[in-house]
Number of protein chains: 2
Amino acid sequence: MEVQGFTGAAVEAGIRYTGRLDLGVIYSKTSCVTAATFTRNLVKAAPVLDSMALMEKSREFKAIVVNSGNANACTGKQGLQDCVAIREKAAGLLGCHEDEVLVASTGVIGAFLPMDKYLAGLEKACAKLSPEGLLQVSEAILTTDTRVKVAMREVENKGKTINIFGMAKGAGMIAPDMGPPHATMLAFIMTDAVVEPDFWQQTLQDGVDGSFNRITVDGDTSTNDTVLALANGMARNQVADGYGELSQQLADALGEVLQSLAQQIVMDGEGATKCVTVRIKGAQSFEDAKRCAQTICNSPLVKTAFFGEDPNWGRIIAAAGRSGANFAPDAVAIAIGGVKVVEKGLPIGEEAEKMASEQMKKHRFEVEVDLNSGDFDYSMLTCDLTREYVDINADYRT
Amino acid sequence: MEVQGFTGAAVEAGIRYTGRLDLGVIYSKTSCVTAATFTRNLVKAAPVLDSMALMEKSREFKAIVVNSGNANACTGKQGLQDCVAIREKAAGLLGCHEDEVLVASTGVIGAFLPMDKYLAGLEKACAKLSPEGLLQVSEAILTTDTRVKVAMREVENKGKTINIFGMAKGAGMIAPDMGPPHATMLAFIMTDAVVEPDFWQQTLQDGVDGSFNRITVDGDTSTNDTVLALANGMARNQVADGYGELSQQLADALGEVLQSLAQQIVMDGEGATKCVTVRIKGAQSFEDAKRCAQTICNSPLVKTAFFGEDPNWGRIIAAAGRSGANFAPDAVAIAIGGVKVVEKGLPIGEEAEKMASEQMKKHRFEVEVDLNSGDFDYSMLTCDLTREYVDINADYRT
């Protein structure tokens with residue numbers, strides 16, 4: 001796992017808890033063409049506002065500073081000033097310009113960053129950057145996550161090898177809705193590819209629409225969701241500008257990395273024991289298909305039925321019915337784990353439901369809802385709702 | 001508790017379980033001006049479709065037949081035929097016309113009614129109608145409810161006494177969205193008032209908009225939600241037609257009955273330990289205020305924080321931010337249990353949060369979110385999300 005030119009490091013800065021990595025730095029020795037998506041939540045954390053402002057001026061960056069334990073959200077002017085102070089300090093330590101540094105945060109909303117601890121930790125991190133250190137960063141960004149989430153792809157083109165490495169965090173407050181320069185999931189993508197800026201931004205947005213924007217744990221879109229994709233050009237490939245085979249290869253590889261990371265987030269959803277793909281088929285419009293998938297994926301009754309391994313399709317069709325999508329209820333077919341349980345809006349029978357229940361014992365399974373009303377499809381990943389989700393979130397701050 | 005002319009009875013018909021009341025009949029010896037609201041879910045149960053069709057032809061009814069344990073939803077033509085058979089049988093037993101009988105159901109989706117047991121039970125119920133029997137009906141309609149929900153009001157006008165009695169059920173799949181002739185909550189209102197049909201329908205719709213349409217347990221709108229309001233005229237008051245003092249008195253009393261029943265549903269929400277009023281103030285539009293309230297009230301993170309007695313206003317403001325409502329994040333003020341914890345988008349401090357947490361130990365408290373962006377308000381009732389909610393719904397059908 002190495003992407004030429006990228007190094008990282010993480011330290012225990014004591015941002016909120018002691019004895020765990022909570023501050024990381026990602027650094028590229030050459031300037032990176034940078035694409036980003038940020039949360040569409042109207043309430044945006046200070047680092048999101050700071051990064052959006054920076055990216056309006058430039059798309060060339062060299063470093064990311066990230067912390068967990070504190071979201072630096074709802075912190076007003078102080079929060080924004082803290083972002084600037086972090087960038088200034090990092091720039092001095094790394095020998096770059098403060099406007100070449102991006103800041104990202106995740107954690108509790110409404111608390112000011114402990115800047116003394118933060119800057120001291122930053123100094124220690126910048127002093128020990130290494131290629132292997134990137135894996136430590138992937139650990140430092142975790143909050144209620146139970147495991148590190150990383151993905152890697154290699155692209156071979158005309159004798160050149162291009163590497164893409166991605167890391168992500170996120171377990172709760174997960175229903176990313178990110179738009180051009182928009183998730184608290186955080187994901188950082190590093191590649192040594194040479195890319196044209198507009199191609200890179202569009203490719204990231206398309207990739208995010210097909211991955212992070214199609215997952216949910218609890219339906220709660222965060223104030224801090226951020227995906228940053230840095231391409232430093234050290235692979236010296238022909239520039240990827242949206243035309244030709246290489247651009248397609250790169251887009252495919254990036255898409256796979258994003259999808260892998262998104263899936264890892266749902267698999268590690270707070271308290272989750274199941275990861276379920278909900279596939280809507282035959283909708284009258286793309287929007288109808290999406291609305292239908294989102295409503296089913298966020299229904300507490302559907303999600304508790306997944307936990308109970310109960311093929312309770314009544315809850316699924318009721319969620320579809322309240323989604324706002326238009327369809328004929330008596331045309332609907334539903335299959336769970338590949339076993340059809342509803343046809344033409346009517347139950348197939350107890351035997352089928354027993355077989356579907358067997359499929360639901362698996363950690364991964366699929367629910368297909370065919371509205372049989374049109375030609376539009378949409379699929380989405382969700383998890384089950386468990387006692388443990390309640391435990392985690394009733395005790396989060398205490 | 002008596003409304004002139006109304007009787008009821010309930011029996012153990014064995015619809016799904018044995019040893020519990022599960023079939024009820026409500027009967028008025030004189031014809032009733034009838035108003036109704038039914039679920040706006042696209043997927044409507046057979047009794048909802050049957051009642052909607054009947055009410056297009058007439059607004060004069062004499063009886064309601066209701067069962068729990070089986071929703072008669074997603075049952076196709078058979079489900080509709082079963083409704084007709086129930087009405088025919090009831091009409092024969094009660095000595096009225098089949099089109100003067102309304103059927104309502106609540107319970108599991110996707111199972112056919114056990115018609116032999118149903119009709120045998122119906123026969124027993126019709127044989128023992130009494131004023132006191134109405135309380136038994138309020139028991140027979142319960143599913144995961146833990147208690148009976150009834151409310152009563154008296155109106156005095158010009159020497160006449162008018163009585164309004166209401167019963168309701170509902171604990172899960174509660175996010176009623178009911179429109180003119182639309183909730184699985186069920187509510188049946190009986191009054192001996194003389195009313196003009198259009199006034200009565202409009203008054204019911206207004207009352208439902210201010211009560212059942214403003215509560216949520218899990219955000220899942222049911223296929224069976226139904227409110228029926230029967231006015232048999234036996235109080236011989238001056239006709240209430242929307243003008244004058246009596247109409248206002250009657251509308252107020254009906255509103256109070258509906259609000260009491262709606263609140264009882266949230267207090268008895270599946271697994272709930274808290275009943276919370278979320279009041280949005282200062283929104284730019286009514287729709288913004290409503291959207292904001294609904295998103296906060298259905299957020300799993302907000303609801304688990306209520307359970308944890310954690311004044312986690314970060315989750316509240318994040319939910320407001322993703323709601324689609326437009327506002328300035330740095331103008332927002334939030335108070336929990338009357339204790340202000342956020343002003344101008346910024347935290348007041350730990351002391352305030354400690355005081356708010358004390359308020360959250362109560363069974364009932366209020367969250368006020370002032371967006372300070374306009375003149376529109378909206379309030380809504382929700383409950384907390386607990387381990388017990390998960391237990392109830394993971395095991396529902398097994």
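Things to note:
- The helix-only estimate of mean residue ellipticity at 222 nm for chain A, built from DSSP H runs of length n ≥ 4 each weighted as -39500 (n - 2.57), is -11000 deg cm²/dmol after division by the residue total.
- Apportionment of accessible area to carbon and sulfur, region B:1-80, percent (1.4 Å): 49
- For residue B:350, label point 7 Å along C-beta direction: distances to other copies, nm: 5.9
- For the set A:44/A:89; A:274/A:340; B:303/B:354; B:62/B:89; A:281/A:340; A:344/B:169, the pairs lying more than 25 angstrom apart at their alpha carbons are A:344/B:169.
- Dipole magnitude for the protein assembly as shown: about 600 debye, using +1 per Lys or Arg Cβ and -1 per Asp or Glu Cβ, origin at the Cα centre.
- Per-residue HN-Hα couplings for region B:228-244 [Karplus 6.51, -1.76, 1.60; θ = phi - 60°; Hz; x = Gly/Pro]: 10, 10, 10, 10, 9, x, 6, 7, 6, 6, 4, 4, 8, 10, x, 10, x
- Inter-chain shielding of B:70-79 (mean C-beta neighbours from other protein chains, 10 Å cut-off): 3
- Peptides ranked, highest mean first, by Cβ atoms within 10 Å: ranges A:201-212, A:185-196: A:185-196, A:201-212
- Accessible surface area normalised per residue over region A:175-250 is 28 Å², counting heavy atoms of protein chains with a 1.4 Å rolling probe.
- Cα Rg, Dmax (largest Cα-Cα span) when computed across region B:164-315, Å: 17.1, 56
- Equivalent ellipsoid semi-axes - Cα gyration tensor, region B:133-192, angstrom: 25, 16, 8
- P(r), alpha carbons of region A:1-121 - 5 Å bins starting at zero, rounded %: 2, 11, 23, 24, 20, 14, 5, 1
- Computed over Cα pairs, the Kirkwood radius of region A:191-279 leads via Stokes-Einstein (1.306 mPa s, 10 °C) to a diffusion coefficient of 110 µm² per second.
- Eigen-decomposition of the gyration tensor built on the alpha-carbon atoms of region A:275-394 gives equivalent ellipsoid semi-axes of 22, 17, 11 angstrom, largest listed first.
- Partner shielding of B:297-303 amounts to 6, given as the average count of beta-carbon atoms from other chains within 10 Å of each residue beta-carbon.
- Only Lys, Arg (+1) and Asp, Glu (-1) charged, at Cβ; chain B dipole about Cα centre in debye: 600
- Accessible area in square angstrom per residue, region A:264-398, 1.4 angstrom probe: 36
- Estimated FRET transfer efficiency (residue A:78, residue B:20; beta-carbon r; R0 60 Å; 0.05): 0.50
- 3J(HN,Hα) along region B:6-22: 9, 10, x, 6, 9, 9, 8, 8, x, 4, 9, 10, 9, x, 8, 5, 9 Hz, from the Karplus curve 6.51 cos²θ - 1.76 cosθ + 1.60 with θ = phi - 60°, whole Hz, x for Gly and Pro.
- Here is how far apart the residue A:130 label points are across copies: 8.6 nm, shortest first, using a point 7 Å from Cα toward Cβ.
- In region B:223-381, the portion of solvent-accessible area held by carbon and sulfur atoms comes to 46 percent [1.4 Å probe, whole percent, DNA, RNA and ligands not counted].
- Nearest to the axis that brings chain B onto chain A is this chain B residue, judged by its Cβ, with the distance in whole Å: B:387, 2.
- Of the trypsin sites (Lys or Arg not before Pro) found in region B:194-291, those in coil by DSSP whose Cβ has at most 15 other Cβ atoms within 10 Å are B:236.
- Over chain A, the reciprocal of the mean inverse Cα-Cα separation, the Kirkwood hydrodynamic radius, stands at 21.7 Å.
- Position residue B:12: other-copy label points at 6.3 nm, ordered by increasing distance, label point 7 Å along Cα→C-beta.
- Pairwise Cα distances in the protein assembly as shown exceed 41 Å for 38 percent of all pairs.
- For region A:131-232, convex hull volume per residue from C-alpha positions, Å³: 103
- Burial annotation for region A:34-60: residues with an accessible-area loss of at least 30 Å² between the isolated chain and the complete set of protein chains, computed on heavy atoms with a 1.4 Å probe, are A:41, A:42, A:43.
- Whole-Hz ³J(HN,Hα) from phi, Karplus 6.51 cos²θ - 1.76 cosθ + 1.60, for region A:93-110, glycine and proline x: 6, 9, x, 9, 8, 4, 7, 9, 10, 10, 10, 9, 9, 8, x, 6, 8, x
- For the pair A and B, the buried accessible area comes to roughly 4200 Å² in total, with a 1.4 Å probe and the value rounded to the nearest 100.
- In a DSSP loop and with at most 16 other Cβ atoms within 10 Å, the GluC sites (Glu not before Pro) in region B:109-142 are B:132.
The values are calculated or read from the model by the stated rules, or taken from the named source; none is laboratory data. Quick caveat, the model's predicted, so the values are computed rather than measured. A quick note on method: Cβ atoms are made from the backbone with ideal geometry, for glycine too, and the neighbour counts reach across all protein chains shown. These accessible areas exclude ligands, DNA and RNA; they are computed on the full protein's heavy atoms, side chains included. Shrake-Rupley method; radii C 1.70, N 1.55, O 1.52, S 1.80 Å.
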